[in-house]
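Beneath this line is the structure, given in structure tokens, with notes to follow.
The values are calculated or read from the model by the stated rules, or taken from the named source; none is laboratory data. All values derive from a computational prediction rather than experimental measurement. Cβ coordinates were reconstructed from backbone atoms using ideal geometry, including for glycine residues, and neighbour counts include every protein chain displayed.
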Amino acid sequence: MHYTDVVCTFCGTLCDDIEVTVEDNRIIDIRHACRVGASKFFKASDIKHRRTKPIIRENGREIEVSLEEAVEKASEILADAYRPLLYGWSSTTCEAIKYGVFLTDLVGGIMDNTATVCHGPSVLAFQEVGYPSCTLGEVKNRADLIIYWGSNPLHAHPRHLSRYSFYPRGFFRERGMQDRELIVIDVRRTDTAKIANKFIKVEQGKDYELVSALRYVLNGGVLKKDYVAGVSREEIYELVDKMKSCSFGVLFFGMGLTQSSGKHRTIDNAISLVRDLNRFTKFNIMMMRGHYNVTGSNEVLAWETGYPYAVDFSRGYPRYNPGETSAVDVLVRGEVDAALIIASDPVSHFPKEAVKHLLRIPYISIDAFYNATSMFAKVYIPTAVAGIECEGTAYRMDGVPIRVRKIIEPPEGVLSDEEVVRMIYEKTMEKIKERIEEEAAEKVIV
Amino acid sequence: MKIILKNGYVYDPINNINGEVMDIFIKDGKIVNEFREKDAKVIDCKGKVVMPGAIDIHSHIAGGKVNTGRILRPEDHRRFVIARKFKNGKFFRSGAGFSVPSTRITGYLYAKMGYTMAFTPALPPLMARHTHEELSSIPIIDKGALTLMGNNWFVMKYLKAGEIEKCAAFAAWLLKAVKGYAIKVVNPGGGEAWGWGKNVTSLEDRVPYFDITPKEIIEGLMKVNEMLKLPHSEHLHTINLGRVGNYETTIKTMKLARGLENRDRHVLQITHAQFHSYGGESWKSFESKAYEVAKAVNKMKNVAIDVGFVTLDPTTTMTADGPMEYYLSSLTHLKWTNKDIELETAPGVTPYNYSPKSAVSSVQWAVGLELALLVEDPWRVMLTTDHPNGGPFIRYPRIIAWLMSRKYREDFMKNMNKAVEKRAIISSLDREYDLYEIAIITRASQARALGLKEKGHLGVGADADVAVYDINPEELNTAEYEKIERAFSNAYLTIKSGEIVVKEGEVVNEFYGKTYYVDVEVEEELMQEVERDLDYYFKRYYSVNLANYPVSLDYLTNPTKIERKIERVKVIK
């Protein structure tokens, strides 16, 4: 069986032109995908390396159970919890995330997604100054100046350059890369920097200063220093000139800028730079989102609650205060007493203090792939891989929603994230309803 | 479920019923002929007003830019929250947001006011799936989405080449692909120019590269709209929104509708006309030109307006008019987001604080009311705030009270900037709307504009969407305007599809309403030609494949199709 227009659910580039050949429910050939994407397809269809039975751990023993038992146990943990954390939600579909919000609202917990340790500062900057942006097709059709700052797409988003930004021929850029200029700003000469027309090396941690210098020069200031953040005065003037004189510029930024010292202040400054540039020409800015649906996760949370991440329902309504209600902080402070971790592996990636607390509390791990977090979970439920074994919606880094497809059957008895979260939600609802009735009954007796 | 609403004062303008005491019979989600009281739920509505469920034709409640507005404004959500609750064995979700409420509570808040339907007016085709995902998470009310076409490359290309049949076939394809309801045009040509940081400022300006004028786009799409026999008219947000002295452009725009006719409705809707009725030379001499615009509307019988009232609240502005949002943010220096969408449109979002102390805001407040009071025929006026641009929709009851009570307007003006008395004529207007006229501008005219025969009235066969308000028309005193505002804020009863959803202002039941979309079939050969162009453009210029573009019906709650079959597309000259 040959499938076309398949969507690759690995990174935020969300390529939708993949061709896949399937035989006996195994993927045997993949066209157009990058190496990272292709390996995900192959890995998913190689079920020897996946666990396919739910697990409950009790007193250090691991017991394989049925899905119903696992769901029962999971809902018990959540219904009993005083302040549970529901974290992950970036490498899964919007449909699953939606039930995740219902569930968190029901149990009065905290819902956070991986943006909290990724582009969270970018979102905070967004809320400070805004975000002049566009879709990737606009870049393809119009852009003549492309800047990547603190981002190495050749490794992290391998097809970004060829599908949307530098290489493709666009409506107003018929000659493709010959009609465009590529500039890379980074602390080291990355592979992307090697193919760029110009590489600007910024001193580590000095991104804020460089952005400020650019804004200063752009707004008519005269630079007296020879070097700012390790970049010479001439280079700064030249860069400002290029930015001002292009007809459509775009600044893509990644973790190199977001997690540089200053964090959201740096992004705030970078967005302000782009806003200033719009007085002279057309200029846009875009986050290079990592997980394929981290954008969708922010979107679903925002339309359901008003806030994009770190939403706390413990007062009965949504509240948002990153730093107080974000996943790492509530774990480090030891505030949460149970957790549900889905499509994510915080045990491998969170700070030590946060992981220490997570390992002290009962938690549920839901993931297509058995990971370090699943290894210590009270309940582990395996699920189907979205975009390969089940359908759903995902949002590309520029906010374009795409329906991801199902091309092979999941292992027997394995359901999608959406179905598993919905089952837990319904089971938890039953339990909570019982309790409300019990409480009401007690009151009558009193 | 069978329900009888007994002895209410019924206001049903489509059936010419003006405050008669009548019983309304409801069965299986429809209004039906009289039946016996046995095994029906009888509700006494004596001394109360019974109206069809209200309809909002233009309200940004779902979609990419609405959500961008939510993400952009955490400070806004702290002003207004609704906590989760259990009631009648059901779990009602929590939510937050004053000017951009989250989706679940959007449904609750509309139902609470007796609204049973709302259309989101700006669906960018590429982002259609997003809009539908949000619409499908709004409970209770029926909904639909108007589709942005005014800056679409295909539309501009076909119209420039004089291939209006192809343009029509493309519009039909697009509406079906994205499950849209009508043709929406926003700043025609300006959105494309914004791709280069430019804009258009007159109807004769040329769009860069495409070499077409806003006038040609407006006229072309108006004809396409009639060629496809669409239920709604062209829904137009014309150029120069919010600019000083823009009323002349607005009047010129209306004149483009000359010569076109439709038996059932107007052919052009000037949307949020309030933002297009400004005079003056600069912000210092900013003044109301509502009188001139209203005069033009009175003359042009085939044009209607929805008002876009300003309610003087801090709000979040959002529109597919990207250059306008940039301009506004450069005046206010507040945060600004923009999202240009390839080949299609260019939305933007920025917060705005309408302060009664500001000269401009207070005149804007007057402009909206003046328009509503000066246009003689209420059938061509629709009550909207262009939510959330002029103010949040939860202020509709206040606007109703302003329209019904001169005293309320006078009292409200006392705390306003004095400009409202000098540069607007609101203080000289005596007209007060009666309940029948209110029923027209909030229900009947909107249903008629949308071409929905089963909505906006209480005749036999209509959908059983009913609102009951605790107002006694016999004892109505417009000087007691707080009572009017309170009654319209908290419906005594809202019935949606024959089920009680609101009782005395409290939401007691929840389910999902219908989602309307149109499906126009045109002749095959024509469609094939268009499909060839689609193939070519999608392969080269879009960033998604054609196969991944259309939205499936899975995304719509209770999808409801309005079908048209056009044997041969006839060109309208």
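Okay, here's what the table says:
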item: Cβ pairs under 7 Å, 6+ apart, first in region B:525-553 and among the aliphatic types (A, V, I, L, M), second outside any helix (DSSP H, G or I); result: B:Leu526/B:Val569; B:Val544/A:Asp16; B:Val544/A:Val400; B:Val544/A:Ile402; B:Ala547/A:Asp5; B:Val551/B:Lys179; B:Leu553/B:Pro559
item: Qualifying positions in region B:234-274 - among the acidic types (Asp, Glu) and surrounded by fewer than 23 Cβ atoms within 10 Å (Cβ to Cβ); result: B:Glu248, B:Glu261, B:Asp264
item: Residue check for A:Glu412: at pLDDT below 95 and more than 30 Å from A:Arg83 (Cβ to Cβ); result: yes
item: Residue list for region B:444-471, filter: in a helix (DSSP H, G or I) and out of contact with any Lys or Arg (no Cβ under 8 Å at 6 or more places or on another chain); result: B:Ala444, B:Gln446, B:Leu450
item: Subset of region A:238-279 that is over 26 Å from B:Trp194 (Cβ atoms) and small (Gly, Ala, Ser) - its residue that is nearest to the chain's Cα centre (by Cα); result: A:Gly254
item: Which numbered condition B:Glu563 misses (of (1) away from chain A (no Cβ under 14 Å); (2) closer than 30 Å to B:Val224 by Cα; (3) buried (at least 18 other Cβ atoms within 10 Å of the Cβ); (4) not β-branched (Val, Ile, Thr)); result: (3)
item: Members of region B:180-209 found to be within 13 Å of chain A (Cβ to nearest Cβ), under 25 Å from the mean Cα position of the chain (by Cα) and over 16 Å from B:Glu344 (Cβ atoms), listed by number; result: B:Asn199
item: Answer from B:Leu556, B:Leu546 - the residue that is under 27 Å from B:Phe86 (Cα atoms) and within 14 Å of chain A (Cβ to nearest Cβ); result: B:Leu556
item: Options A:Ala377, A:Ala338, A:Ala372: the member that is among the aliphatic types (A, V, I, L, M), assigned by TED's automatic domain parsing to the domain that holds A:Asn113 and within 21 Å of the chain's Cα centre (by Cα); result: A:Ala372
item: The one condition in (1) more than 23 Å from A:Tyr395 (Cβ to Cβ); (2) not in a strand (DSSP E or B) that A:Asp29 fails to fulfil; result: (2)
item: First in region B:53-82 and closer than 19 Å to B:Ile399 by Cβ and at the interface with chain A (Cβ under 8 Å from one of its Cβ atoms), second anywhere and surrounded by fewer than 24 Cβ atoms within 10 Å (Cβ to Cβ) and modelled with pLDDT under 95, Cβ under 6 Å, 6 or more apart; result: none
item: Qualifying residue in region B:377-396 (condition: within 30 Å of A:Asp398 (Cα to Cα) and part of a strand (DSSP E or B)); result: no
item: Selection count where residues are modelled with pLDDT of 95 or more, on the phi > 0 side of the Ramachandran plot and part of a loop (DSSP other than H, G, I, E, B), scope region A:1-26; result: 1
item: Residue satisfying condition, being within 14 Å of another protein chain (Cβ to nearest Cβ) and without any contact (Cβ under 8 Å) to a residue 24 or more places away in the chain, within set A:Glu299, A:Glu304, A:Glu324, A:Glu353; result: A:Glu324
item: Hits in region B:19-50 (condition: surrounded by 12 or more Cβ atoms within 10 Å (Cβ to Cβ) and outside any strand (DSSP E or B)); result: B:Gly29, B:Phe35, B:Glu37, B:Ala40, B:Cys45, B:Gly47, B:Lys48
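For every residue, the table says whether it meets (1) buried (at least 16 other Cβ atoms within 10 Å of the Cβ); (2) free of Cβ contacts under 8 Å to residues at least 24 places away in the same chain.
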position	(1), (2)
A:Asn219	no, no
A:Asp226	no, yes
A:Leu239	yes, no
A:Gly249	yes, no
A:Phe252	yes, no
A:Leu257	yes, no
